[in-house]
Structures are given as structure tokens and as C-alpha cells.
1. Which number in (1) surrounded by fewer than 17 Cβ atoms within 10 Å (Cβ to Cβ); (2) touching a Lys or Arg at 6+ places or on another chain (Cβ under 7 Å); (3) closer than 14 Å to His103 by Cα marks the one condition that Ser60 misses?
2. Would you confirm whether any residue within segment 34-56 is on the phi > 0 side of the Ramachandran plot and either in contact with a helix residue (DSSP H, G or I) (Cβ under 9 Å, 6 or more places away or on another chain) or in a helix (DSSP H, G or I) (or both)?
3. Within segment 103-115, can you find the residues that are open to solvent by 30 Å² or more (accessible area, probe 1.4 Å) and without any contact (Cβ under 8 Å) to a residue 60 or more places away in the chain?
4. If you check Ile74, Ile82, which single one turns out to be farther than 19 Å from Arg134 by Cβ, part of a helix (DSSP H, G or I) and without any contact (Cβ under 8 Å) to a residue 60 or more places away in the chain?
5. Before we move on, is Gly122 modelled with pLDDT under 95 and either among the small types (Gly, Ala, Ser) or open to solvent by 40 Å² or more (accessible area, probe 1.4 Å) (or both)?
6. Which condition does Asp136 not pass, out of (1) within 15 Å of Val20 (Cβ to Cβ); (2) without any contact (Cβ under 8 Å) to a residue 12 or more places away in the chain; (3) of a type in the set (Asp, Glu), if it passes all the others?
Amino acid sequence: EIEAMKGVRQPANYHPEGDVFVHTALVMEKLAENRQGGEMPEALALGALLHDVGKPPTFSDDGERIRFSEHQRIGEAMTHQIGRRLRLPLKTIDQAASLVGQHMRFMDAAKMKRSTLRRFLGQADFDWHLELHRADCLGSHGQLDNYDFCIEQRKELEAAAGGEAILPAPLVNGGDLIAMGMRPGIELGAVLKEIREMQLEGELGSREAALEWARRKLEGCAGGRGEI
């Protein structure tokens, strides 16, 4: 899979360094430099090595533009396959595949809704995602705008959380809603999802507020078309 990266051309405006193999080698170099002699987590090393493994099978060139459509999704699946073939620990495989599958999300960070951004920045091992993104940028175009944006946004969210986690536990669960009279099912799940979204958007700040919103939702449904 790594051998297949050699000679795979990339858009020069994003990748002036060369083909996919050259880029991957540079990313590994930048990653190692940033560790300053410290031990590199196996999942981070594997994720960096394979972050563009999906580019060779997705390469296309219509004469005007080179594309690698969904290469991160293909690469994530390939990482699972490679990890299983090498008999690596399942946790290592899952962590590496997550790095591969999400490495392109940074380009959309500034356009994310608050709730989406909180999920992104608050996920487990996000420091590894940041480190890979930094090395990815330095091993190509050198622009760290999205990296800096995520660092700043995480600081702001941490300050706003007052020492609590950026991605807090849900305010309510299914048992809470069933106790209020809602029936288990798809609609209950939709209500939970809506409450969670409002929580992460900052519109619901406490369990009491979430339960009160759910009560009003239930009353509205009961008055209009029966119980949920």
C-alpha cells in the first residue's frame, strides 16, 4: 500500500513537495521532529503513515484538476484491513483509522456549527489529530490556519466550560423521558438527539432546563397528535 503511493501526482498548489509518497515521508519526518525524541504512540505513527493511503486507489485527473474523492473514507477502511492483517491491537487499529478518516475535517472547522465543533474538538485523542494535522500541513503547503483556529477555539471552549469537559455528558437519557411518559422508539431517540444538540449549542445549560423543554415537547405532541 505504501509502495503504491510512489509516483501518484498531487495538485501543486496544495502539494508543492511532490507525490503522495514524498508527502507521506515528510509528514512522518515532521511528526518525529515534534516528538523531540519522545516515544511516539503506535496509533499516531500508523495513522500518519496511512493518512493518505486512500489516494492511489481514488486518483483521478480530468486534465484540469487532480482529485482524490473520498480518499479519507477509503483510507479509513484500508487502515482497518491493514491493521487486522498485521494483527495489531484492535484499539490501535481503531485509533489509527479514526486519524485517517478524520484528517480532512480540519479544513471545515471554521464553518462548523458550535455543537459539531465541540464534538470534533472534544473527542478522545484529539491531541493526536492536531499533531497529525500540523505535520500534514508542514509536509505540504505549510499553512497552519486551521490548526491555529482549533487551538484557539479549544482554549475558548475550555474557559467557557470552567474546568469541565468540552464535550460534557448528556443532560438527560432515555430513562428520563420514558419516566415522563414517552414511549421507547425512534421518536424518543429524535428528542434525545435534539436535546443533545441544544446542549452543545449552549441553548440548554442544565438538566432541569432540558427536562422542562422535554415536558413542553411532550405536552405539545399530546395536545396535537397524541403521546410520543
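The values are calculated or read from the model by the stated rules, or taken from the named source; none is laboratory data. Being a predicted model, the structure only gives us computed values, none of them experimental. A quick note on method: Cβ atoms are made from the backbone with ideal geometry, for glycine too, and the neighbour counts reach across all protein chains shown. To get the accessible areas, we keep the full protein, side chains included, count just its heavy atoms, and leave off ligands, DNA and RNA. Shrake-Rupley method; radii C 1.70, N 1.55, O 1.52, S 1.80 Å.
1. Here Ser60 clears every test but (3).
2. Going through segment 34-56, the residues on the phi > 0 side of the Ramachandran plot turn out to be 36-37.
If we keep only those that are either in contact with a helix residue (DSSP H, G or I) (Cβ under 9 Å, 6 or more places away or on another chain) or in a helix (DSSP H, G or I) (or both) as well, we get none.
No - not one qualifying residue is present in segment 34-56.
3. Kept after step one, since they are open to solvent by 30 Å² or more (accessible area, probe 1.4 Å), are these residues of segment 103-115: 104-105, 107-108, 110-114.
Passing the criteria: Met104, Arg105, Met107, Asp108, Ala110, Lys111, Met112.
4. Ile74
5. Numbers: modelled with pLDDT under 95: yes; either among the small types (Gly, Ala, Ser) or open to solvent by 40 Å² or more (accessible area, probe 1.4 Å) (or both): yes.
So Gly122 fits the description; yes.
6. Checking Asp136 against (1) within 15 Å of Val20 (Cβ to Cβ); (2) without any contact (Cβ under 8 Å) to a residue 12 or more places away in the chain; (3) of a type in the set (Asp, Glu), the one that fails is (2).
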